Every structure is written in C-alpha cells, then in structure tokens.
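Since the structure comes first, as structure tokens, the remarks are kept for the end.
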Amino acid sequence: MNVEEVKSRRAASSIELRNMESEDEMLDAWAGTSDGEFQNKEEEEELDALASDDENDGSDYGFDYSNIDDIQPSSRLPQTNFTVLSEKDIRHRQAEAIATITNFLSISPVDAGVLLRYFKWSISKVNDEWFADEERVRANVGLLEKPATSKRKIDKEMTCGICFEGHPFEKMTAPRCGHYFCETCWTGYIHTAINDGPGCLTLRCADPSCGAAVGEDMVLGLVSNEDQQKYTRYLLRSYVEDNRKVKWCPAPGCEYAVEYQPGVGSYDLVCKCGLNFCWNCREEAHRPVDCETVNKWILKNCAESENMNWILANSKPCPKCKRPIEKNQGCMHITCTPPCKHEFCWLCLGAWTDHGERTGGFYACNRYETAKQEGVYDEAERRREMAKNSLERYTHYYERWATNESSRAKALADLQQMQPVQIEKLSDKQCQPVSQLKFVTDAWLQIVECRRVLKWTYAYGYYLPENEHTKRQFFEYSQGEAEAGLERLHQCAEKDLQTFLEGDNPTSSFNDFRTKLAGLTSVTRTYFENLVRALENNLSDVDNLKGAAKSSSSSKASGSSKSRGGRAKGGSSRSGGSSRSWEEATHWSCEHCTYANTTATSSTVCIICQYPRS
Amino acid sequence: MSAATANTNLPRRIIKETQRLLSEPAPGISASPSEENLRYFNVMILGPSQSPYEGGVFKLELFLPEEYPMAAPKVRFLTKIYHPNIDKLGRICLDILKDKWSPALQIRTVLLSIQALLSAPNPDDPLAENIAKHWKTNEQEAVETAREWTRLYASGA
C-alpha cells in the first residue's frame with residue numbers, strides 16, 4: 001500500500017474513536033442499531049485486515065457454522081454477530097493486533113503489547129490516542145521514547161537499592177528508565193507482582209517515583225518457568241478479559257472465547273462446545289426472559305443458599321464487574337482488584353469520580369442518605385417482599401422450570417442418539433435419501449429449542465406481578481397453548497416416527513407423515529417465536545388490547561394483531577372472527593393447532609391434526 | 001516462627017537499614033529493633049511542630065514481614081491519637097503501606113510519610129469516619145480535640 005493510502009487510513013481511524021465509544025455503549029444495552037454503526041464496524045475490520053494483508057488474510061479462523069447447524073438447537077439464531085475463538089485463534093489475533101500496531105506506530109512489538117493492553121485491545125483506540133497526543137499516551141502507559149542515558153558512570157560494582165548488596169554491573173538490570181536494581185531483586189519484584197494477579201501485566205518500574213512500564217521481554221527474561229507460564233497465561237487472558245468485545249464461554253472446562261459484534265440480533269450465542277449462552281450475563285441462553293430476571297431466578301435456585309445468604313449479607317458486588325467484595329477494613333473508597341480496578345463508593349455504589357465535597361465529602365455519602373430516605377435501600381421492605389413470595393408458589397414454578405429443563409436435556413440426547421443411527425435406519429426402511437429426512441432433525445431441534453423457551457417462561461411467570469390480572473391470564477393461556485402445541489409436535493416426532501421405523505416396507509403414508517411433522521414444526525416454531533417476542537415486549541399487546549376493548553370489544557383482536565404484524569398470534573388468530581374473514585378466500589386457520597390450511601387442499605379437516613374445521 | 005529462627009538469615013538489607021536508622025536517625029523519628037525479634041521495631045515519632053500533635057511523643061510498632069522488601073512493612077500506632085486517617089486500633093490509611101508500596105522504599109521513608117501525615121491530615125480519604133466528619137464540619141474544634149488527646153495520651157509521661 002502506498003503512503004497516500006496509509007494517510008487516508010489514519011484519517012479514517014480518527015473518526016472511529018467517537019464511534020467506538022458509542023459502540024461500547026451498545027454493548028451495555030439491548031440496543032437497536034443504526035447504519036452508522038455498521039459502516040464504522042466495517043471500517044474497523046478493514047483497518048484490522050490491512051495489517052494482515054501480506055499474511056494470508058487471516059480470515060478463516062472464523063467459526064464454521066455448518067457443523068453446528070447439524071446438532072445445535074439454535075440453528076435459527078442470526079449467526080453473523082459472533083465468532084468462537086480457540087486459544088490458537090486468540091493468540092493469532094493478539095499477534096495480529098500487535099503486528100498492526102507495530103507497523104502503524106513504528107514501535108517494538110513489546111511496546112505495542114503494552115499499549116494494546118492499556119487500551120483494552122482496541123486497535124482504533126490505540127491509533128487515535130497515539131496520534132492525538134503521543135507524549136501523553138507515552139507518559140500514561142509508561143513508554144519512554146528514548147532509553148534514559150545512563151546517569152552513572154559504569155563502575156565495576158554497583159549497590160542495589162533494594163537489597164543493599166554490591167553487585168558487578170552485569171548483574172544489574174533496568175527497564176528503559178535506567179533505574180538499576182540487581183537481577184535477584186527485579187526477579188523478586190516481578191515474582192511478587194505475578195503472584196498478585198493479572199495486575200502484573202501493567203507492572204511499572206520498582207522505583208516509586210518512576211512510571212516506566214516493565215514489558216514482557218524483561219519479565220520473561222528474568223522469572224522462573226512457573227512464573228513465565230503464569231504470566232503468559234495472563235497475557236492470553238487479557239485479550240479476552242480486558243476486551244469488551246470478547247468473553248470466555250462460561251461452560252465448565254470450555255476453553256473457547258466468543259467475540260461478539262454488537263448491534264446485530266439477540267444476545268444468545270452458541271459456543272463450539274455446544275453451550276448456548278447469553279452474551280450479556282453469561283448464563284445459559286434464556287430468551288424470552290431478560291438477564292435480570294434470570295439472575296434473580298438462578299440466585300433463588302442456588303442450592304448453596306446458606307453461602308448465598310452470607311455473601312448477600314456481607315458483601316456487595318462491584319458495580320462494574322459484579323464480583324462480590326467484602327469490606328473488612330478501610331475507608332469507603334473501594335478499588336476493585338485488577339483487571340477491573342473500578343473505583344467506587346461503598347455506600348452508594350456510585351463511581352468514585354462522582355464524589356467530592358458536594359456529595360457530602362467521603363465519609364458520609366449524601367447520595368446514599370438521599371436514596372435511603374427515598375426507600376431505595378430499605379432492607380425491611382425487601383424482606384417483606386421475600387416473605388410474600390411464599391415457598392409454595394416458588395415450588396410450583398421451580399418444578400415446571402426444572403421439568404422442562406430435563407425434558408430439554410432428554411430431547412437433546414435423543415436427537416444426538418438419533419442422528420447417526422435412526423436416520424440411517426429410517427432411510428433404509430422407507431427408501432428415502434438421508435438428505436430428504438432433514439425434516440425429522442428439524443423437528444427435534446425445534447423441540448429442544450421449545451423446551452428451553454418453555455422452561456424460561458416459568459421464571460417469567462414467577463416474576464410476573466400478581467396484580468396484573470389481564471397479563472397473567474393472557475400469559476398463562478399462551479403458555480398453556482405453547483405447551484399443548486409442543487406436546488403435539490413431540491408426540492408426532494416420537495411415536496409416529498416409531499411406526500415408520502418398525503414397519504418392514506416403505507409405507508405410502510410416509511409422505512403424509514412428512515407433511516404433518518414439517519407442518520407441526522413450522523406451526524410450533526411460529527407460535528414460539530411469537531411467544532418469545534410477546535414476552536420480550538413484556539406483553540405490551542395486552543395493554544393495547546385493554547385500551548381497544550374500551551371502545552369496541554368485538555374489534556379487539558384484529559386491531560392488535562394487524563397493527564403489530566401478527567404478534568401474540570396465539571391469542572388473536574384463534575379468537576378473532578376478523579382473522580377468518582381476512583384470508584377466508586384461500587386459507588383457514590385450524591381451531592385446534594392454528595395451522596393455516598389452504599382451502600384447495602382441505603376445506604373440512606385440518607391436514608395437520610385432523611381436527612374438523614369449525 | 002520463633003524469634004530465634006526469625007533472626008537467623010536476616011537479609012543484609014534489613015541489617016543495613018537497621019544500622020542506618022540507628023546511626024543516622026531522621027529528625028523527630030526513632031526506630032529500634034526488638035531484641036527478641038529483629039524484624040520488630042519500636043518506633044517513636046515526635047508530633048510535628050505547628051500541628052495539633054506538637055509536643056506529643058507517639059509510639060508505634062513496625063514489623064517487617066517475611067516477604068519484605070517485596071511486601072510493605074506493617075505499621076500501627078500504639079499511642080491513642082485523634083487523626084482522620086488513623087483509627088482507634090492505630091491502623092493507618094496510607095497508600096505506600098498498601099498498593100503503592102515499592103521495594104525501593106524503606107523503613108525510613110515509611111516513617112517520614114507517617115510523620116508527614118501528622119502534619120497534613122487528609123479527611124477526604126478517611127479511616128476513622130467520625131473523626132473525619134468532625135474535621136470537615138468543624139476543623140477548629142477537631143484540631144482542639146487532637147491537641148487535647150495529644151496532651152492526655154502522648155505527653156511522654
């Protein structure tokens with residue numbers, strides 16, 4: 001690439017700084033998306049790719065989704081918004097990022113690493129900050145431009161300022177700042193830092209007045225093998241743990257990380273290990289329920305409730321990284337341990353930067369006092385609420401939640417067992433090519449997904465306020481319908497399939513079975529998708545319905561379902577006279593299973609469930 | 001660890017620091033190692049002039065842990081003192097005793113920092129909340145209390 005190009009690239013990168021910030025915000029919220037975001041995203045990727053132009057483009061460490069489609073229940077998730085990274089991929093990306101910065105800023109790879117870690121692995125941020133004010137960045141990060149000219153004459157022997165022993169000059173060492181200490185003391189200093197945790201990645205010179213960075217070259221050159229391993233492990237982890245776009249897969253023992261592109265699709269991801277999880281809260285995937293509800297629910301289910309009680313009573317979660325913190329001494333000014341390092345006020349959990357004279361100084365936080373008066377921290381209130389949620393009610397929802405989970409696990413096991421064996425057998429028996437039997441797998445994938453959704457609807461139900469009667473009614477009705485629909489599908493996929501597996505000869509009715517199962521799969525999928533959307537909207541349709549009912553009770557279903565593009569379909573398509581008139585000419589909706597039959601195929605009996613047309 | 005084993009293999013750094021503390025004491029500060037345990041120091045700091053602690057003699061204990069100098073010394077006031085950054089157990093809120101510790105710091109620098117803290121209390125990063133509050137709301141009165149306490153508990157009697 002020529003010089004002009006580089007310049008224009010750099011110009012482009014300075015635009016990104018602003019956008020990166022908004023992108024970071026996107027990660028914080030269930031945010032919608034704008035075209036601007038996408039464009040800048042692409043720009044950044046282009047920028048990243050630039051450096052790797054000469055190496056093989058590096059684009060194929062991405063995850064091949066085709067494998068997972070076969071076995072994973074989430075095959076229908078939008079799959080453009082995340083990439084699964086193995087340890088090798090992570091190292092590759094790290095090396096790539098370092099190479100990019102090394103090239104762009106003409107600095108050493110070690111310095112590039114220090115910079116990238118400081119700016120949380122955001123290439124564009126490093127570029128922008130560097131070109132905006134190189135001197136300031138160097139000072140903050142601890143990168144000296146030129147090695148300090150050694151102020152001392154090179155004596156035969158020097159005294160180390162830490163151990164106070166005399167050493168020959170060859171045994172003394174220093175970072176670029178020229179603060180010489182003996183190798184043993186440096187090693188001890190670095191060893192202590194490594195064993196203190198990932199803070200060792202931003203280690204500074206041992207001289208208290210000096211902020212020079214101690215880079216990985218110096219660290220790895222001095223310490224023991226064991227420390228080297230720890231340090232390189234922290235280096236690897238930093239790419240994931242400091243990086244807002246990458247997180248570890250939360251499955252126990254899983255070593256993959258996932259990179260997420262904000263702004264597209266939902267938070268549900270699927271790791272190469274098979275775990276379906278939520279980007280935001282790293283619990284298992286839980287649509288339609290939001291993260292907060294899931295968190296409450298899981299906390300409630302936590303078997304170690306005694307431990308939990310202790311943690312709740314004696315610690316507060318860091319408002320940024322959520323790790324529980326026990327305050328056993330010291331002032332209200334809390335600094336979370338690295339890599340978080342968030343500084344906050346123990347009383348109000350607000351950022352420390354917001355504190356000062358006007359919030360009442362540092363010993364008594366006004367913000368806390370005010371909020372306390374407003375009842376935000378009212379402990380007694382909280383306990384009363386806990387008492388209200390009686391154990392009985394909880395047990396009801398918990399049992400159903402747990403049952404659906406075990407059904408889901410069973411269905412997944414059935415599916416995995418069926419895939420190689422039964423499909424082969426079915427193919428033999430019915431003289432059908434395996435490729436034509438995808439509808440069976442699809443049905444099972446749908447069952448697994450539905451069980452997952454259904455499971456979470458019980459957590460939703462538990463937290464749906466008792467006094468919202470209309471919502472509760474509608475919710476319970478929709479849930480019941482969903483359950484019934486799923487049972488029909490499950491029944492068909494399990495029992496009906498069995499007859500075709502057992503029969504000796506190809507059966508002519510196999511095609512009917514295909515139509516039926518595919519139809520049921522599609523109907524159930526639509527129903528559940530609508531249910532998920534309706535619950536994610538917190539059943540806002542119900543409020544609309546209520547409003548409509550005041551003016552005219554007969555038009556309630558049509559008004560809502562048409563304006564919302566058919567959401568909450570389960571409710572409306574069955575109740576509305578209007579939906580019948582809507583498409584009566586060509587379609588009719590089955591009263592029983594909601595399947596849209598065509599009048600051309602059958603005008604009296606549903607082809608899916610054989611239920612007579614009313 | 002018994003006193004005997006603690007005193008064997010005493011690092012040269014500690015021996016040198018001790019020697020220097022004894023031979024060139026910092027003004028207003030004395031630190032001498034205990035006879036049973038050379039890592040344990042009895043410290044006395046004179047209240048700095050023009051501070052409410054002027055005229056007081058404050059006793060402290062200082063202990064060098066096994067990891068010293070990679071880890072910070074542990075220091076505590078034994079004399080009762082009315083100060084926003086020192087609590088009733090004598091614990092001190094000072095950054096170089098915690099995350100800002102560096103092995104290039106020494107006993108002497110630590111004690112000088114504590115002496116400076118007596119000259120310049122910092123009620124904005126308090127350890128003893130009620131004292132800090134007192135300091136912020138009515139400094140004059142708080143200073144008076146500090147003087148009173150100095151007279152009562154640190155008059156060297």
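The values are calculated or read from the model by the stated rules, or taken from the named source; none is laboratory data. This one's a predicted model, so the numbers in the text were calculated from it and none came from an experiment. Counting neighbours? That spans all protein chains shown, and the Cβs are built from the backbone with ideal geometry, glycine included. Just so you know, the surface numbers come from the protein's heavy atoms only, side chains and all, with ligands and any DNA or RNA stripped out. Shrake-Rupley method; radii C 1.70, N 1.55, O 1.52, S 1.80 Å.
Kindly provide the set of residues from region B:124-155 that are hydroxyl-bearing (Ser, Thr, Tyr) and either open to solvent by 30 Å² or more (accessible area, probe 1.4 Å) or within 9 Å of chain A (Cβ to nearest Cβ) (or both), ordered by number.
Filtering region B:124-155 down to residues hydroxyl-bearing (Ser, Thr, Tyr) leaves B:137, B:145, B:150, B:153, B:155.
Answer for region B:124-155, where residues must be hydroxyl-bearing (Ser, Thr, Tyr) and either open to solvent by 30 Å² or more (accessible area, probe 1.4 Å) or within 9 Å of chain A (Cβ to nearest Cβ) (or both): B:Thr137, B:Thr145, B:Tyr153, B:Ser155.
Take B:Ile96 and decide whether it is under 17 Å from the mean Cα position of the chain (by Cα) and over 26 Å from A:Cys210 (Cα atoms).
When the stated conditions are applied, B:Ile96 does not pass them.
Scan region A:458-470 for residues that are crowded, with 19+ Cβ neighbours inside 10 Å and over 22 Å from A:Trp297 (Cα atoms) and jot them down.
Result: no residue meets the conditions.
So which helices (runs of 4 or more DSSP H) are wholly in region A:350-448 and hold at least 3 residues that are at pLDDT below 65?
A:366-373, A:379-388
For A:Leu535, work out the one condition from (1) part of a helix (DSSP H, G or I); (2) surrounded by fewer than 17 Cβ atoms within 10 Å (Cβ to Cβ); (3) at pLDDT 50 or above it doesn't fulfil.
Looking at each condition in turn, A:Leu535 falls short on (2).
Looking at (1) over 19 Å from B:Leu118 (Cα atoms); (2) surrounded by fewer than 15 Cβ atoms within 10 Å (Cβ to Cβ), find the lone condition where B:Asn42 falls short.
The single condition B:Asn42 does not satisfy is (1).
Could you check how many residues of region A:203-221 are open to solvent by 60 Å² or more (accessible area, probe 1.4 Å) and either within 31 Å of the chain's Cα centre (by Cα) or without any contact (Cβ under 8 Å) to a residue 40 or more places away in the chain (or both)?
Looking only at that region, the number is 3.
Here are the criteria: (1) open to solvent by 20 Å² or more (accessible area, probe 1.4 Å); (2) away from chain A (no Cβ under 13 Å); (3) touching a Ser or Thr at 6+ places or on another chain (Cβ under 7 Å). Tell me which single one B:Phe63 does not satisfy.
Going through the list (1) open to solvent by 20 Å² or more (accessible area, probe 1.4 Å); (2) away from chain A (no Cβ under 13 Å); (3) touching a Ser or Thr at 6+ places or on another chain (Cβ under 7 Å), B:Phe63 breaks only (3).
Among the residues of region A:218-267, write down those that are part of a helix (DSSP H, G or I) and in contact with a Phe, Trp or Tyr (Cβ under 9 Å, 6 or more places away or on another chain).
A:Met218, A:Val219, A:Leu220, A:Leu222, A:Arg237, A:Ser238, A:Tyr239, A:Val240, A:Glu241
For region A:471-486, give me each residue that is surrounded by fewer than 16 Cβ atoms within 10 Å (Cβ to Cβ) and of a type in the set (Phe, Trp, Tyr).
If the condition is that a residue be surrounded by fewer than 16 Cβ atoms within 10 Å (Cβ to Cβ) and of a type in the set (Phe, Trp, Tyr), then A:Tyr477 is the only one that fits.
Evaluate region A:222-230: report whether one residue or more is among the aliphatic types (A, V, I, L, M) and open to solvent by 30 Å² or more (accessible area, probe 1.4 Å).
First pass over region A:222-230, keeping only residues among the aliphatic types (A, V, I, L, M): A:222-223.
Restricting the remaining residues to those that are open to solvent by 30 Å² or more (accessible area, probe 1.4 Å) gives A:222.
Yes, region A:222-230 has at least one match.
I want to confirm something. Restricting to region A:176-212 and keeping residues that are touching a Ser or Thr at 6+ places or on another chain (Cβ under 7 Å), part of a helix (DSSP H, G or I) and not aromatic (Phe, Trp, Tyr), which single residue is farthest from B:Trp101 (Cα to Cα)?
A:Glu183
A:Lys471 - would you say it is under 32 Å from the mean Cα position of the chain (by Cα), assigned to a helix (DSSP H, G or I) and in contact (Cβ under 8 Å) with a residue 60 or more places away in the chain?
The answer is yes for A:Lys471.
Please determine whether any residue of region A:136-144 is touching a residue at least 12 places away in the same chain (Cβ under 8 Å), open to solvent by less than 20 Å² (accessible area, probe 1.4 Å) and over 41 Å from the mean Cα position of the chain (by Cα).
Within region A:136-144 (the criterion being touching a residue at least 12 places away in the same chain (Cβ under 8 Å), open to solvent by less than 20 Å² (accessible area, probe 1.4 Å) and over 41 Å from the mean Cα position of the chain (by Cα)), the answer is no, since none of the residues qualifies.
I'm checking my understanding of the structure. Among residues of region B:68-119 that are surrounded by fewer than 19 Cβ atoms within 10 Å (Cβ to Cβ), among the small types (Gly, Ala, Ser) and not in a helix (DSSP H, G or I), which one is farthest from the other protein chains (Cβ to nearest Cβ)?
B:Gly90
Could you figure out which of (1) at pLDDT 90 or above; (2) within 14 Å of another protein chain (Cβ to nearest Cβ); (3) open to solvent by less than 30 Å² (accessible area, probe 1.4 Å) isn't true of A:Ser122?
That leaves (2) as the condition not met.
Looking at region A:76-99, which of its residues are over 27 Å from the mean Cα position of the chain (by Cα) and buried (at least 18 other Cβ atoms within 10 Å of the Cβ)?
Across region A:76-99, there are no qualifying residues.
If a residue must be away from chain B (no Cβ under 11 Å) and closer than 22 Å to A:Asn140 by Cα, how many such residues does region A:181-202 contain?
6
Based on this model, can you work out whether A:Phe510 counts as in the same structural domain as A:Ser427 (by TED's automatic domain parsing), surrounded by 19 or more Cβ atoms within 10 Å (Cβ to Cβ) and among the aromatic types (Phe, Trp, Tyr)?
Spelling it out, it is not the case that A:Phe510 is in the same structural domain as A:Ser427 (by TED's automatic domain parsing), surrounded by 19 or more Cβ atoms within 10 Å (Cβ to Cβ) and among the aromatic types (Phe, Trp, Tyr).
Residue-wise test of (1) more than 26 Å from the chain's Cα centre (by Cα); (2) among the small types (Gly, Ala, Ser); (3) within 28 Å of A:Asn511 (Cβ to Cβ).
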| position | (1), (2), (3) |
| --- | --- |
| A:Ala413 | no, yes, no |
| A:Gln416 | no, no, yes |
| A:Lys425 | yes, no, yes |
| A:Gln430 | yes, no, yes |
| A:Ser435 | yes, yes, yes |
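Among the listed residues A:Leu437, A:Leu445, which satisfies the condition of being free of Cβ contacts under 8 Å to residues at least 24 places away in the same chain and open to solvent by less than 40 Å² (accessible area, probe 1.4 Å)?
The unique qualifying residue is A:Leu437.
Among all residue pairs at least 6 apart or on different chains, which show Cβ distances below 9 Å where the first residue, located in region A:178-193, is closer than 21 Å to A:Lys146 by Cα and the second is open to solvent by 40 Å² or more (accessible area, probe 1.4 Å) and not in a loop (DSSP other than H, G, I, E, B)?
Within 9 Å, the pairs are A:Tyr180/A:Phe169.
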